[in-house]
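Notes to accompany the following structure.
The values are calculated or read from the model by the stated rules, or taken from the named source; none is laboratory data. Note that this is a predicted model, so its numbers are computed, not measured. Don't worry about glycine lacking a Cβ; one is built from the backbone with ideal geometry, like all the others, and counts go over all protein chains shown. Heavy atoms of the whole protein, side chains included, go into the accessibility calculation; ligands, DNA and RNA do not. Shrake-Rupley method; radii C 1.70, N 1.55, O 1.52, S 1.80 Å.
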Amino acid sequence: MGPDPHGKILSIMQTSGIKSIIMLVLVSLLSSCSVTSYSAYSFEQLRAADYTLPSNVKKIVIAVTDDAYTDADMTYYRDSVTLQFPSSRLSYSHHIPGMVCNVFSEKMNSSDYMNASVCSIPIPANLPSALRDSILSANNADAMILVKKCLFSANYAILGMPTDFSVSEERANKLVSAIQADMSFILPNGASRDFQTINDTINWQKSFDNDEFPDYKEIYYCIAEQTGRHVAALLIPTWEKRHRAILGSNTKLMKDAVSWTGHDNWDNARNIWADVVLSGKPKDQARAAINMGLYYEREDNELESAMWFSKALDILQNNPKCKKMKSEERLAQRLFDRAIDRQHEKVRLVKQMNATE
């Protein structure tokens, strides 16, 4: 008897059918393995100043002591021989504290938060009370910021080697300039408080062997400018850009929510996330809860955002289906901690902003 063509065809159909079923099962499994996607966005937030000055201080005068400046950029070594920098370079470096104060003052005055002026002459480190009163009166200032120390240094290095003075300027392809500054806040009654030590660095790098580092005047000014801005930022509430990413998945609702944020319609996205938290699958519930926290963080509602990040942590830590979502759990924890920090920061911010009214 010859072969049964119908049986062979049936066998092929059965095999094909089994393969199709397997493929459908695999597709189903892959689609159920929801992977978190991230969509970046940014927003601005008013950051509180590090220091809250007394509410009656509306203008400050910035002064430098006569022995504030010290210079570590006097020598470097080449072939074990100490080489002195040109006297003009060393002389010009003594302008660094004044540059710092001028930039500091300009930033204060341009902020509309507090006015500042700069005392034109160096003053004794012990600051006699009569001189303090005279300077405050002459500048119509409510308090003084005194620069007590301003240490500048610049170290040469070859990339890949420790930064030190062991290489010459000609051989070096990296230069690190730095300032360390100590300052005090002084009231008319003589009460004072030291600020934290200011440390700033700028790295300069040659691209090619025949390149040259910038002129020393540019190096001095750039590092002084950075320090002046740094000090001002300690005293002025400033707008800062925050970078975040909303969480998505391959489900329709989560995709729709991401699409709404892309069109800057965050309210529609929030409504979708709220529905997902109530009735979505556990993984999407956790993602949506984080996104709800991000929505309220963007609104600067730190209490509501902390609540949602806490809810996301509860889902991630207590639902077995979320046990592998460790990166999402770490993210939720960081965001929750940030929301708590923001609560404390806004207490300071309210005081600072009310002081200017």
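Show me, for region 130-135, the HN-Hα J-couplings you get by feeding each phi into the Karplus relation (A = 6.51, B = -1.76, C = 1.60, θ = phi - 60°), rounded to Hz, glycine and proline as x.
Here the 3J(HN,Hα) series is 5, 5, 4, 4, 5, 5 Hz.
Under a point spin-label approximation (7 Å from Cα along Cα-to-Cβ), what is the Asp182-Asn271 distance to one decimal in nm?
If labels sit at Asp182 and Asn271, their model points lie 6.1 nm apart.
Beyond 12 Å, how much of the Cα-Cα pair distribution for region 93-148 remains, as a whole percent? Working shown, then result.
On the way: 1060 of 1540 pairs.
The calculated P(r) of region 93-148 puts 69 percent of pairs beyond 12 Å.
Go ahead and run the numbers for FRET between His344 and Ser88, Cβ-Cβ distance against an R0 of 56 Å, rounding to 0.05.
0.70
Once R0 is set to 41 Å, what does the formula 1/(1 + (r/R0)^6) return for the Cβ-Cβ distance between Asp314 and Ser55, expressed as a FRET efficiency to the nearest 0.05?
Given R0 = 41 Å and the Cβ-Cβ separation, E is 0.50.
Stokes-Einstein at 37 °C, 0.692 mPa s, Kirkwood radius from Cα pairs: D for region 192-326 in µm² s⁻¹?
174
Residues of region 108-136 with amide nitrogen under 11 Å from the 7 Å Cα-to-Cβ point of Asp66?
Under cut-off, by backbone N: 122-127.
Would you mind computing, in nm to one decimal, how far apart the modelled labels at Asn354 and Ala245 are, each placed 7 Å from Cα along Cα→Cβ?
4.0
Taking a spot 7 Å from the Cα of Ser207 along the direction of its beta carbon, which residues of region 119-162 have an amide N less than 19 Å from it?
Output list for this probe position: 159.
Under a 1.4 angstrom probe, counting protein chains only, how are Glu212, Glu304, Glu106, Glu297 ranked by accessible area, largest first? Walk me through the numbers before you get to the answer.
Values: Glu212 160, Glu304 60, Glu106 120, Glu297 15 Å².
Heavy-atom accessible area, descending, gives Glu212, Glu106, Glu304, Glu297.
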